[in-house]
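Undergrad: What follows is a single structure, and I will ask about it in a moment.
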Amino acid sequence: MTAIPWPQPIFDAQTLADVENAARLVDADIPLLIHGETGSGKEAFARAVHGKSRCADKPFVAVNCAAIPESLIESELFGYEEGAFTGARRQGSRGLLREAHGGILFLDEIGDMPFALQSRLLRVLQDRQVMPLGGGRPSPVDIRVISATHRDIEALSRQGHFRPDLYYRLAQFTMTLNPLRTRTDLVPLIDGLWRQVTGGSAPLPEETRSRMAAYDWPGNYRELVGALRALAALATSGTHPGPHLLPTALRRIQPMPAVAQPIETGLLEHHTRDVMRATLEACGGNISLAARRLGINRSTLYRHLQRLQ
């Protein structure tokens, strides 16, 4: 069995515009902070910015500040000289900061960087040079910095858990990625990702697609792509990719009947009121999910609900 490919991201129009603007900021050497829920595509967004920037042919070095053990993150970032500590490689290490020279350093989950290392990172960003562990001469670095987090770093800085001076250095411009559940084009997005995952094979059955479109996706794109890849793997033997192959959370979803046309003001007012309220109740009060099930955008649903109160 061949490995199931990871699909390329499919951005909506607003996100594509944000990528273009972010590339301009990066080219102007303005540090960018990307905020978004877990799985919302922060690294994919940063890589797209890299591809649009003037340093597209230079390195893109991603550092997950939450994944590297605290005991290793300093040596991983700043590098070290031979014999700097027990177990150090004989030839030393350049470190990720120097590996990113000329390109983009992507600091993912920056809110989880150990407090003790934040002052060292701030010094590098200010002085544009790296001092490796174990001494040696400092090395100049020319890097553009994009950071990302799902945490409220401004609040962390007020609470004393994140250096305010580093926060203001990294967040000279902040962009927020919306969660997947707010996208109004979820069905075409699912279809587009499915075509990439399967190499353009048969489309998803309507019942499978409708259940996926009705789900809230708390894990965002990561969860969606994972579900599609698993579905493709289970269906490779010729098994119909029906809803019985979906993860348990999606099998529990009861999709609403399709709405042929968006509901317009003044048409079938009593029926409109009943359908909207019933849908909103079935969605647990989630306006975005209810609007998607009804086939209308959120602003239309808000307007109707306010008028029918």
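The values are calculated or read from the model by the stated rules, or taken from the named source; none is laboratory data. Bear in mind that the values here come from a model prediction, so they are computed numbers and not experimental data. Quick reminder, even Gly has a Cβ in these numbers, built from the backbone with ideal geometry, and neighbours come from all protein chains shown. Just so you know, the surface numbers come from the protein's heavy atoms only, side chains and all, with ligands and any DNA or RNA stripped out. Shrake-Rupley method; radii C 1.70, N 1.55, O 1.52, S 1.80 Å.
Undergrad: Based on the Cβ-Cβ distance from L122 to A28, what FRET efficiency comes out when R0 is 25 Å, to the nearest 0.05?
TA: Efficiency, rounded to the nearest 0.05: 0.80.
Undergrad: Considering only protein heavy atoms, what per residue accessible area in square angstrom results for the stretch 138-186 with a 1.4 angstrom probe?
TA: 49 Å²
Undergrad: How large is log10 I(q)/I(0) at q = 0.14, 0.24 Å⁻¹ when the Debye formula is applied to the Cα atoms of the stretch 163-210, each weighted equally and without solvent?
TA: -0.55, -0.91
Undergrad: Turning to a different aspect of this structure: Relative contact order (percent) for the stretch 107-177, with alpha-carbon contacts under 8 angstrom and 6 or more residues of separation?
TA: After rounding, I find 38 percent.
Undergrad: Another one. So what is the relative contact order for the stretch 1-133, in percent, with contacts set as C-alpha pairs under 8 Å and at least six apart? It would help to have the intermediate numbers written out before the result.
TA: Values: 139 pairs, mean separation 31.9, N = 133.
Once normalised by length, the contact order is 24 percent.
Undergrad: What are the ³J(HN,Hα) values, in whole Hz, obtained from phi via the Karplus relation 6.51 cos²θ - 1.76 cosθ + 1.60 with θ = phi - 60°, for each residue of the stretch 206-218 in sequence order, with x given for Gly and Pro?
TA: Once rounded to whole Hz, the list reads 4, 5, 5, 4, 5, 5, 5, 5, 8, 7, 7, 6, x.
Undergrad: At R0 = 22 Å, how high is the FRET efficiency between D165 and E20 if r is their beta carbon distance? Nearest 0.05 is fine.
TA: Efficiency for this residue pair is about 0.15.
Undergrad: Order F106, F173, most accessible first, counting only protein heavy atoms with a 1.4 angstrom probe.
TA: Correct descending sequence by accessible area is F173, F106.
Undergrad: Report, to the nearest whole %, how much of the accessible area of the stretch 153-213 belongs to carbon and sulfur atoms, 1.4 Å probe, protein only.
TA: Working: 1440 of 2950 Å².
Heavy-atom surface of the stretch 153-213 belonging to carbon and sulfur, 1.4 Å probe: 49 percent.
Undergrad: Kindly rank 27-36, 54-63, 119-128 from highest to lowest mean number of other beta carbons found within 10 Å of each residue.
TA: Numbers: 27-36: 18.2, 54-63: 16.3, 119-128: 14.8.
Ranked from most to least packed, the peptides come out as 27-36, 54-63, 119-128.
Undergrad: Right, something else. Using a probe of 1.4 angstrom, how much of the accessible area of the stretch 1-66 is carbon and sulfur, in percent?
TA: 54 percent
Undergrad: Sticking with this structure for a sec: Kindly state, as a whole number, the per residue volume in cubic angstrom of the convex hull around the alpha carbon atoms of the stretch 125-168.
TA: Convex hull of Cα atoms, per residue: 103 Å³.
Undergrad: Moving on. Between Q172 and L72, what is 0.36 nm times their sequence separation minus the Cα-Cα distance? Round to one decimal in nm.
TA: Stretched fully, the Q172-L72 segment lengthens by 33.2 nm.
Undergrad: If you take the beta carbon distance between T184 and E154 as r and set R0 to 35 Å, what does 1/(1 + (r/R0)^6) give as a FRET efficiency, to the nearest 0.05? Mind dumping the intermediate values first?
TA: Values: r = 29 Å, r/R0 = 0.84.
That pair, T184 with E154, gives E of 0.75.
Undergrad: Normalised by the residues of the stretch 98-241, what does the relative contact order come to in percent, with Cα pairs under 8 Å and at least six apart?
TA: 20 percent
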